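The values are calculated or read from the model by the stated rules, or taken from the named source; none is laboratory data. What you see is a predicted model; the values in this text were computed from it and never measured. All Cβ positions, glycine included, derive from the backbone under ideal geometry; neighbour counts span all protein chains shown. Side chains included, ligands, DNA and RNA excluded: accessible areas come from the protein's heavy atoms. Shrake-Rupley method; radii C 1.70, N 1.55, O 1.52, S 1.80 Å.
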Amino acid sequence: VTSLKGRAASLIDVEMSVSSSTTTITLTGPDDVWFGAGFFAQAMEDTPYAVIVDGDGAVTERLLASHMGSAANPAGTLLAPSVSVVSSVVAAGKRTVVVSRASAGASAKHANFTVRDLEIPLICAVGSTRDLKYHRSKTASAISLWPVSGAPVCLCEQPAAPFGAAAGDIRYLPTGEQFGFINGCQPAPRESVLRDHNPTCDVRAYSGGLQVCKHGWTLLDAAQGQPWPDQPLTYFQKYRFYYQEYEPALHVVALPRAVWDIGAFIGEYDVPQCKRGTPADECTHEIWGVVTPQGDDLHIAAMHFHCHAPTCLAMEIRNN
């Protein structure tokens, strides 16, 4: 096999053509806001190589970082350009940009694409502004690449992905909207949920939660009817901001902020039902995790935590 080609229809459309020397990437998204794709990743904290198209069609390459705890660099690291823009076309409210680059990364931060990559995990995002800022929508997906030549290709049996590593989409049947399931659980000792095969960790066992909390989606059991199909809920929020005039010498990040969670997709997990006949006072469920902060000579000024489960009994933080 000397070249591969594939397409993924997700939050944005991604097409790829990969050979041993050259990779061509086609991204299609809204024509008035920024959009982009990160490769070989399922979340921003995987620090993937990404190609970003702004609302005017300008293309940049970045090494992304988690949007939590990265206030000093929320858009990741801007990389030296390695792509050349082949075309940029706007039609019917969509912008299609074709870029080409060497398959081998220009640096350690630029991804390497090879003809052995038959499936590449993706993250995709769309903004609400023309320039790169916080995303309006995001999802995880994958693109499958197939040999281009007409010569026979051996298809080998592949074992099922281990629990917590399966790729798949979730579709909302009333509208057909879909997104790529995010595998967010980490192996022990980082956290216990993957080790315990918590249903939230794998698309094949997922039963609903934060990942399917989307605008306009109704989260009910199949046998339940929506009581107000033509009456969307409207709510209001009121904010009060306190501020000081900015002074560069005074307003510095003296206490860096970091965010950690236990569970998939920012602290999501299922509480399994107790076995029938278990006494109520013994019917408890526990999860745990271990976090190693980055950096040297650290002094914790404050730690705050909360529990997403409404039946949460207790939480503990231990500094080892």
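Taking every DSSP helix (H) stretch of at least 4 residues in the chain, weighting each as -39,500 (n - 2.57) and dividing the sum by the residue count yields a mean residue ellipticity at 222 nm of 0 deg cm²/dmol. Across the alpha-carbon set of the chain, the Rg to Rh ratio works out to 0.99, Rh being the Kirkwood radius. Peptides 136-148, 169-181, ordered by how many other C-beta atoms sit within 10 Å of their residues on average, highest first, read 136-148, 169-181. For segment 40-136, the square roots a ≥ b ≥ c of the C-alpha gyration tensor eigenvalues yield an a/c of 1.5 or more together with a/b not exceeding b/c, which makes the shape oblate.
In whole percent, and with a 1.4 Å probe on the protein chains, what portion of the accessible area of the chain is carbon and sulfur?
Numbers: 11800 of 21520 Å².
Carbon-and-sulfur percentage of accessible area, whole number: 55.
Among 31-42, 290-301, sorting by the average number of other beta carbon atoms lying within 10 angstrom of each residue, highest first, gives 31-42, 290-301.
Excluding ligands, DNA and RNA, what is the solvent-accessible area per residue of segment 170-320 at a probe of 1.4 Å, expressed in Å²?
Details: 13050 Å² over 151 residues.
Roughly 86 Å² per residue, with all protein chains present.
Normalised by 2.2 N^0.38 Å, where N is the number of residues, the alpha-carbon radius of gyration of segment 77-236 equals 1.34.
Take the alpha-carbon centre of segment 1-47, take the same for segment 251-320, and report the distance between them in whole Å. Spelled out, the Cα-based centre of one part sits 35 Å from the other.
The equivalent ellipsoid of segment 188-263 has semi-axes of 38, 28, 7 Å, largest first, where each one is the square root of 5 times an eigenvalue of the Cα gyration tensor.
What does the charge add up to near Ala75, with Lys and Arg as +1, Asp and Glu as -1, over the other residues with Cβ less than 9 Å from its Cβ?
+2
When a/c is below 1.5 the answer is rounded, else prolate if a/b is larger than b/c, else oblate, so apply that to segment 1-52 with a ≥ b ≥ c taken from the square roots of the Cα gyration tensor eigenvalues. Walk me through the numbers on the way to the answer.
Working: a/c = 2.16, a/b = 1.37, b/c = 1.58.
Cα axes put segment 1-52 in the oblate bin.
Net charge of the neighbourhood of Ile287, taken over other residues with C-beta under 15 Å away and scored Lys/Arg +1, Asp/Glu -1, is -4. Loop only per DSSP, at most 13 neighbouring Cβ atoms within 10 Å: give me the trypsin sites (Lys or Arg not before Pro) in segment 1-83, ordered by residue number. Nothing satisfies the criteria. Projected onto the charge dipole of the chain (+1 at Lys/Arg Cβ, -1 at Asp/Glu Cβ, origin at the Cα centre), which of Ser66, Thr77, Cys312 gives the Cα projection farthest towards the positive end? After comparing all options, I get Thr77. When the Kirkwood radius is taken over all Cα pairs of segment 175-320, what Stokes-Einstein diffusion coefficient follows at 10 °C and 1.306 mPa s, in µm²/s? Calculated translational D: 81 µm²/s.
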